[in-house]
1. Just P67, P164, P98 to compare: in a GNM of the chain, with alpha carbon springs under 10 Å, which one fluctuates most?
2. Sorted from fewest to most neighbouring beta carbons within 10 Å, what does the list S69, S35, S142 look like?
3. What's the magnitude of the charge dipole for the stretch 27-138 around its Cα centre, counting Lys and Arg as +1 and Asp and Glu as -1 at the beta-carbon? Answer in Debye, nearest 20.
4. With a Cα-only, solvent-free Debye model of the stretch 2-65, what are the log10 I(q)/I(0) values at q = 0.26, 0.30 Å⁻¹?
5. Would you mind calculating the gained length between L18 and Y109 on full extension (0.36 nm times residue separation, minus the Cα-Cα distance), in nm to one decimal?
6. Compute the angle between helix 109-121 and the longest alpha-carbon principal axis of the chain, please, reported from 0 to 90 degrees and rounded to the nearest 10.
7. Given an 8 Å cut-off on Cα distances and at least 6 residues of separation, report the relative contact order of the chain as a percent.
8. Report, in debye and to the nearest 20, how large the dipole of the chain comes out about its Cα centre when Lys and Arg carry +1 and Asp and Glu carry -1 on their Cβ.
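Nothing in this text is a laboratory measurement; each read-out follows from the coordinates by a stated rule. This one's a predicted model, so the numbers in the text were calculated from it and none came from an experiment. Every residue, glycine among them, receives a Cβ derived from its backbone with ideal geometry; neighbour counts consider all protein chains shown.
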Amino acid sequence: MAEQEALIREGRQHLNTLFDTTIEGFVPPWNSGDSSTLMALQNLGFLYISSAIDSFSGVIAQICRLPWSCHLNTVEQALEEARLYRQLSPVLVLVMHPYDFNAADCYGYEQFRRLLDRIVAERRLHVRTVGQIAAESEVKNSLMAVGHALNKYEAHWRLQPYYPQFCLVQRPLYRITLSQILDLGRLFRKRA
């Protein structure tokens, strides 16, 4: 753990200097790491870690987990889903890579700008950085959201469609109302 902590500390110091800011979050290379990685981040005072949903599963540390939940090609579905789960404090963590803007069948810059304009204009959405979300969230709520995502495929097959697919919910799933269940049913029938 000491070696990982030293490497992460050195990288953080370099980025702090380069960007003239304090780096509060960590995205592990290739979404890989272990319990020592999380403990090192906790010891160094990192606020959050963002990686694939199944990274670090089963590892507990007092650090906010905000894994990505959607890509550019699923953001519309994620927004629709977040509206349906609004009572469960949904969070969308959009991941983008440079290659998302290179291929002819992916988002173009103009299309991306229109998407951002629409998101910012929507009253019920609050645009935040991952760091802001982590600062506003409790660690236990972020772990609950990860747990929902990981447990989706272990749930009874009749319940699986009602688990969020593109957003993280930081409240217990039993708080879904009957009208939301009916709305979710319509959404999933439309997807099929």
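1. Checking each option, the largest mean-square fluctuation is seen for P98.
2. Working: S69 25, S35 13, S142 22.
If I rank by nearby Cβ atoms, fewest first, I get S35, S142, S69.
3. Numbers: 9 positive and 12 negative charges, 73 e Å.
About 340 debye.
4. Ignoring solvent entirely, the Cα scatterers give -1.21, -1.48.
5. Numbers: separation 91, 0.36 × 91 = 32.76 nm, distance 2.64 nm.
Here the answer is 30.1 nm.
6. Between helix and principal axis, roughly 70 degrees.
7. Values: 232 pairs, mean separation 42.2, N = 192.
Once divided by the residue count of the chain, the mean separation gives 22 percent.
8. Numbers: 20 positive and 19 negative charges, 208 e Å.
So the dipole magnitude of the chain works out to roughly 1000 debye.
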